[in-house]
Amino acid sequence: MLIINTKIHALLESTSLFKATELAAILSDARENGRSICEAVLAGSDVKEDQFLEKLAEVMDLPFQRLKEIQIEKDLIEKLPPKAIFQYNVVPLSKEDDGLRVATNNPFTPGLIDALRLAAECRIRLVLSPGEDIATAAKKFYGVGAETLDLMMQDDRIDLEDEEGLLKQDLSELDQEASVVKFVNQIIWEAYKDRATDIHIEPMEMDLRIRYRVDGVLHEAPMPPQLKRFQSSVISRIKVMANMDIAEKRLPQDGRISVRIRGAEIDVRVSTMPTVYGESVSLRLLMRGGGLVTMKDLGLNESDSLLLKKMITRPHGILLVTGPTGSGKSTSLYAWLHTINSVDKRIMSAEDPIEYEMPGVNQVQMRPEIGLTFANTLRTFLRQDPDVIMVGEIRDKETAEISIRAALTGHLVFSTIHTNDSASTITRLLDMGIEPFLVASSVEGIVAQRLVRSLCKACRQPVEIDQAFLSEHNFPIERLATEGPIYEAVGCDECRGNGYKGRTGIFEILSVTDEIRPLIIAHASANEIKQRAVAEHGMKNLREDGWDKVLDGVTTIDEILRVTEEDDFEEE
């Protein structure tokens with residue numbers, strides 16, 4: 001526990017940042033609750049950490065430094081062991097004549113300088129830096145879980161051949177003894193903190209690469225160089241957690257892990273695939289306990305929102321959402337259900353997997369291995385007196401036919417299907433072998449969507465784009481005079497240097513009206529259907545909706561071009 005003495009009191013008083021009563025409360029909090037001085041300051045005042053440390057550095061005659069663009073040389077990294085780095089939340093910055101400059105956000109830690117001096121075997125000169133800067137630098141240059149692997153190697157306590165003995169602890173206990181169990185916990189915890197949707201563990205010839213997918217884009221996680229040595233143990237730990245056969249390394253396997261981290265219920269889907277250098281493991285993180293998106297959160301413009309609300313409140317028919325994997329289709333379906341969910345509607349859903357648990361909805365998890373398929377479940381649903389049915393995905397003719405039968409017998413059906421745009425969904429259903437008159441009479445609307453990264457509002461900056469470039473991509477240049485400006489991504493602490501924070505949707509909504517139905521029955525091409533929808537109802541394609549988001553300052557031109565690359569607007 002930190003001993004608060006008169007010297008610390010005098011130093012804090014000298015910063016002139018706190019009133020006497022505020023200072024007394026901060027010191028009391030640090031003394032009684034075992035907080036560091038910096039933690040107590042942030043908890044007990046409105047002073048920001050960088051402001052406090054900058055002032056404290058002044059009165060203590062120490063340098064203050066932000067660590068955003070810092071580069072640490074390899075020989076400096078080797079000066080301090082990972083255990084010291086992560087235990088004290090410090091990072092080495094540079095060499096001095098007879099010592100080492102080390103960044104800390106808590107110079108009052110008991111025994112800090114002595115411990116670092118013993119570890120580095122040289123004189124220590126402290127530099128004050130924000131804790132988040134230090135943690136980011138430590139993770140970047142030492143790697144996620146570096147202290148865990150370092151301890152494992154020092155103690156040599158992990159038997160790399162004893163794969164079955166690696167699994168005896170609960171994932172939520174993040175302060176377990178150093179082991180491969182703790183390391184796997186740290187991988188998942190870091191992914192959760194970074195808002196990642198997927199974790200990919202990929203064996204290479206000389207390395208074990210771990211990547212997180214954040215806001216739809218893959219980022220390589222910094223890992224300790226010795227991680228390759230523990231490849232077999234890490235993968236075996238995950239396989240046992242997911243109830244897989246750890247002895248089977250020749251065939252792909254699927255499993256599931258249910259975990260609780262800091263109160264959040266997370267369902268992790270696990271898939272393994274044998275590769276030339278070992279098994280590649282993919283983990284999909286699904287938040288079961290919260291985070292349900294509503295209609296207003298999807299990113300729909302006002303006219304599309306009104307049109308969609310009209311569609312989802314119809315008494316019968318099929319409403320389909322389409323797009324590639326990871327385009328937010330399931331999220332949209334849940335938002336629709338959330339909007340119409342009421343005590344007077346019986347809603348049933350067939351899902352694989354159940355990504356969100358929704359009160360008031362009868363959700364069924366598909367289990368093909370025992371015959372519980374989409375088609376079989378739908379047949380049973382029709383005997384359960386439902387008003388609304390949600391089908392996770394229409395994958396085959398049988399499921400499509402039963403969904404159409406349900407729509408024609410007075411049920412409202414929501415589902416997803418994989419096509420490039422809304423009009424192509426019609427031809428996809430016809431290609432499955434569904435009769436054109438059935439498609440025309442049952443399908444009420446089709447929503448094509450993509451997800452784009454949203455600009456960080458704290459750091460986005462206006463940018464001038466070459467008009468020839470804008471014209472080449474059919475950007476509505478004439479609107480720049482009254483709308484805009486166009487923004488670009490920059491990067492700051494708020495968005496962890498990415499320039500983006502979160503995602504939003506872009507949409508193309510095709511309403512199957514009396515003008516469209518004859519085209520379906522006549523086997524018209526997707527392009528003909530699309531042109532009629534634009535001419536009759538002013539339908540916007542994905543890229544046009546994207547340009548609206550760019551002019552609203554929500555995202556960037558690069559993002560729209562990235563996700564609508566093959567969806568160029570065609571002049572009529």
What base-10 log of the normalised intensity I(q)/I(0) is obtained for the chain from the Debye formula, alpha carbons as equal point scatterers, at q = 0.06, 0.09, 0.12, 0.13 Å⁻¹? -0.42, -0.87, -1.24, -1.33
Under-5 Å amide H pairs with Asn105, H placed in peptide plane, nonlocal only: Ser129
Per-residue ellipticity at 222 nm attributable to helices in the chain (runs of n ≥ 4 DSSP H, -39500 (n - 2.57) apiece, nearest 500 deg cm²/dmol) works out to -10500 deg cm²/dmol
Let me check something: with ligands and nucleic acids excluded, how do Thr272, Thr6 order by accessible area (1.4 Å probe), largest to smallest? Thr6, Thr272
Placing +1 on each Lys and Arg Cβ and -1 on each Asp and Glu Cβ in the chain, then taking the dipole about the Cα centre, the residue among Ser403, Leu470, Leu308 whose Cα reaches farthest towards the positive end is Ser403
Give me D for region 478-531 in µm² s⁻¹, whole number, from Stokes-Einstein with Rh from the Kirkwood sum over alpha-carbon pairs, 10 °C and 1.306 mPa s. 102 µm²/s
Considering only DSSP states other than H, G, I, E and B, which trypsin sites (Lys or Arg not before Pro) in region 242-285 qualify as loop sites with at most 12 other Cβ atoms within 10 Å? Arg250, Arg262
Provide the solvent-accessible area of His338, counting protein heavy atoms only and rolling a 1.4 Å probe, rounded to the nearest 10 Å². 80 Å²
For the Cα atoms of the chain, what angle does the longest principal axis make with the long axis of helix 20-33, in degrees from 0 to 90, nearest 10? 90 degrees
State log₁₀ I(q)/I(0) for region 404-540 at q = 0.13, 0.22 Å⁻¹ as given by the Debye formula over alpha-carbon point scatterers of equal weight, solvent excluded. -0.75, -1.29
Which cross-chain or sequence-distant (5 or more) residues have an amide H under 5 Å from the amide H of Met223, H modelled 1.01 Å from N in plane? Val144
Apply the Debye scattering formula to region 347-487, with a single equal point scatterer on each alpha-carbon and no solvent, then give log10 I(q)/I(0) at q = 0.11, 0.12, 0.15, 0.19 Å⁻¹. -0.60, -0.66, -0.81, -1.08
Debye, to nearest 20: dipole size of the chain, +1 on Lys, Arg Cβ, -1 on Asp, Glu Cβ: 1160 debye
Under a point-charge model restricted to the Cβ atoms of Lys and Arg (+1) and Asp and Glu (-1), what is the dipole moment magnitude of region 192-303 relative to its Cα centre, in debye to the nearest 20? 360 debye
For each cysteine in the chain, check whether another cysteine's C-beta sits under 4.7 Å from its C-beta; list those where none does. Cys38, Cys122
I'd like the accessible area for Phe507: 1.4 Å probe, protein heavy atoms, all chains in place, Å² to the nearest 10. 10 Å²
Provide the solvent-accessible area of Thr325, counting protein heavy atoms only and rolling a 1.4 Å probe, rounded to the nearest 10 Å². 110 Å²
Using θ = phi - 60° and the Karplus form 6.51 cos²θ - 1.76 cosθ + 1.60, what ³J(HN,Hα) does each residue of region 539-553 get, whole Hz, x for Gly and Pro? 4, 9, 7, 4, 5, 5, 5, x, 4, 4, 5, 5, 5, 7, x
I'm checking a number: the convex hull volume of the Cα atoms of region 42-154, normalised per residue, in Å³. What is it? 116 Å³
Expressed to two decimals, region 22-81 has a Cα Rg over Rh, using the Kirkwood radius, of 1.11
If you average 1/r over every pair of different alpha-carbon atoms in region 228-300 and take one over that average, what Kirkwood value in Å do you get? 14.0 Å
What are the extents of the Cα atoms of region 265-390 along their three principal axes, listed from largest to smallest and rounded to whole Å? 53, 38, 26
Could the peptides 86-94, 530-538, 481-489 be put in order, highest first, of the mean number of other beta-carbon atoms found within 10 Å of their residues? 86-94, 530-538, 481-489
State which entries of Lys310/Lys540; Lys182/Lys249; Lys139/Lys182; Lys83/Lys139; Lys79/Lys139; Lys296/Lys549 exceed 20 angstrom in Cα-Cα distance in the structure shown. Lys182/Lys249
I'd like the GluC sites (Glu not before Pro) in region 278-373 restricted to DSSP loop residues with at most 16 other Cβ atoms within 10 Å, sorted by number. Glu357
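The values are calculated or read from the model by the stated rules, or taken from the named source; none is laboratory data. Being a predicted model, the structure only gives us computed values, none of them experimental. Using ideal geometry, Cβ is built from the backbone for each residue, glycine included, and neighbour counts are taken over all protein chains shown. What goes into the accessible areas is simple: the full protein's heavy atoms, side chains included, and nothing from ligands, DNA or RNA. Shrake-Rupley method; radii C 1.70, N 1.55, O 1.52, S 1.80 Å.
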